[in-house]
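One structure is given below, encoded as structure tokens.
The values are calculated or read from the model by the stated rules, or taken from the named source; none is laboratory data. None of these values were measured; they are calculated from a predicted model. Cβ coordinates were reconstructed from backbone atoms using ideal geometry, including for glycine residues, and neighbour counts include every protein chain displayed. What goes into the accessible areas is simple: the full protein's heavy atoms, side chains included, and nothing from ligands, DNA or RNA. Shrake-Rupley method; radii C 1.70, N 1.55, O 1.52, S 1.80 Å.
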Amino acid sequence: MKLIFSLMFVLTIFFTQLEMSFAAGDMTKQEPVEIYVNLGNEKGEIKFFPNKLLLETGKLYKLIIKNNSPQKHYFSSDKFSQAVFTRKVQISTSSGKPIAEIKGLVREIEVYPGRTAEWWFVPLKTGKFDDLRCTIPGHAEAGMVGVIEIK
Ligand SMILES: [Cu+2]
């Protein structure tokens with residue numbers, strides 16, 4: 001009898017493991033890894049802070065894009081947008097109350113002075129994407145460019 005129970009226990013473990021090896025589950029429902037990017041700064045410097053992002057495939061990220069500068073800026077990367085699954089872009093009031101969630105393919109986000117947007121995504125594809133830029137005329141030339149690497 002003891003042997004049968006032991007055997008059943010081993011089989012249960014085996015089939016549980018087998019099931020787990022087929023799928024990682026819903027990757028958009030993880031606790032997000034928070035990362036911050038500032039668009040420009042108070043001094044009026046036209047740059048991304050930081051201008052290099054290192055991400056991993058399969059993790060849910062909450063990219064908090066903040067504009068502390070006196071002018072509007074864009075966070076734009078064609079190549080990066082094609083390497084991630086976007087769960088949502090969330091817009092909130094300054095006190096943190098959600099206003100809107102935007103779903104679907106996102107290529108570019110414009111953030112107004114003093115405002116913040118959150119981009120929730122899961123990287124799917126590895127690569128080094130060097131086309132991050134602010135698309136406002138003159139800003140990329142002034143140094144508002146960056147690199148996003150996914151490992
Ligand atoms: Cu800009």
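What is the percent carbon and sulfur in the accessible area of the chain, measuring with a 1.4 Å probe over the protein chains and ignoring ligands? Present the calculation step by step, with values, prior to reporting the outcome.
Details: 5630 of 9540 Å².
In the chain, the share of accessible area belonging to carbon and sulfur is 59 percent.
With all projection directions averaged, the alpha carbon convex hull of the range 29-151 covers 7.0 nm².
Averaging Cα coordinates gives a centre for the range 71-124 and one for the range 136-150; these two points are 17 Å apart.
So, for the range 26-150, what is the accessible surface per residue at a probe of 1.4 Å, expressed in square angstrom? Spell out each step's value before the answer.
Numbers: 6760 Å² over 125 residues.
That works out to 54 Å² for each residue.
Scoring 67-73, 125-131 by mean Cβ neighbours within 10 Å over their residues and listing the highest first yields 67-73, 125-131.
Helical runs assigned H by DSSP (4 residues or longer) give the chain a calculated mean residue ellipticity at 222 nm of -4500 deg cm²/dmol, each run adding -39500 (n - 2.57) before division by the residue total.
Taking amide H atoms as placed 1.01 Å from N in the peptide plane, the amide H of I136 lies under 5 Å from those of Y74, each 5 or more residues away in sequence or on another chain.
Could you pull out the longest piece of the chain with no exposed loop GluC sites (Glu not before Pro) in it, calling a site exposed if DSSP puts it outside H, G, I, E, B and it has at most 14 other Cβ atoms within 10 Å?
On the way: sites that count: E42, E45, E56, E141.
The answer is 57-140.
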